[in-house]
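Note sheet for the following structure.
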Amino acid sequence: MYFLVSLYKLSVPLTTFILLLVPESKTIVTSIATEFACADRYLNDGIQSQVIMGNLDLLVDYITEHEPDSKIQYHCYSFGSLIAMDFLFPLGTIPSNNMTTFRSIDHNW
């Protein structure tokens with residue numbers, strides 16, 4: 001427990017030191033904070049989740065209706081991974097049998 005308290009107390013001076021010395025650190029910290037805030041708001045509040053899911057569903061419907069033998073692949077990164085997981089595996093439902101492969105980036109193919 002003492003270790004966590006001391007680590008917490010060192011985090012502010014360490015972050016300040018890094019922000020002063022690394023020129024791009026402010027941009028990096030800002031982008032990480034923005035991404036976290038968007039993901040947190042999406043997951044907790046669900047304000048835009050229904051709109052995003054509806055638009056993605058419309059896109060999938062359009063592709064399957066206008067392209068014969070269509071195969072849809074999702075290549076997701078960061079926040080897009082949350083949206084894809086929410087779309088492919090909605091809470092309280094059984095995953096579709098149409099899904100043939102699900103791979104992670106750190107998986108050796």
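The values are calculated or read from the model by the stated rules, or taken from the named source; none is laboratory data. Because the structure is a prediction, the values reported are computed rather than measured. Cβ sites come from the backbone with ideal geometry, for glycine too, and all protein chains shown count toward neighbours. Calculation scope for accessible area: heavy atoms of the full protein, side chains included, ligands and nucleic acids excluded. Shrake-Rupley method; radii C 1.70, N 1.55, O 1.52, S 1.80 Å.
Structure summary
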item	result
Selection count, the stretch 60-77, where residues are under 19 Å from the mean Cα position of the chain (by Cα) and open to solvent by 90 Å² or more (accessible area, probe 1.4 Å)	3
Every residue from the stretch 49-82 that is polar (S, T, N, Q) and within 30 Å of Ser31 (Cβ to Cβ)	Ser49, Gln50, Asn55, Gln73, Ser78, Ser81
Evaluation of Ala84 against (1) closer than 20 Å to Glu35 by Cβ; (2) open to solvent by 50 Å² or more (accessible area, probe 1.4 Å); (3) without any contact (Cβ under 8 Å) to a residue 24 or more places away in the chain (one fails), failing number	(2)
The lone exception for Leu10 - which of (1) among the hydrophobic types (A, V, I, L, M, F, W, C); (2) within 30 Å of Phe87 (Cβ to Cβ); (3) without any contact (Cβ under 8 Å) to a residue 40 or more places away in the chain it fails	(2)
Number of the exception - Leu19 against (1) loosely packed, with under 11 Cβ neighbours inside 10 Å; (2) at negative phi	(1)
Residue identified as small (Gly, Ala, Ser), loosely packed, with under 11 Cβ neighbours inside 10 Å and under 30 Å from Pro90 (Cα atoms) among Ala39, Ala33	Ala33
Boolean, Gly54 is more than 16 Å from the chain's Cα centre (by Cα) and within 30 Å of Pro90 (Cβ to Cβ)	yes
Pairs, first free of Cβ contacts under 8 Å to residues at least 60 places away in the same chain in the stretch 22-41, second small (Gly, Ala, Ser), C-beta under 7 Å, six or more apart	Glu35/Ser78
Number of the condition not met by Gly46 [criteria: (1) within 24 Å of the chain's Cα centre (by Cα); (2) on the phi > 0 side of the Ramachandran plot; (3) modelled with pLDDT of 75 or more]	(3)
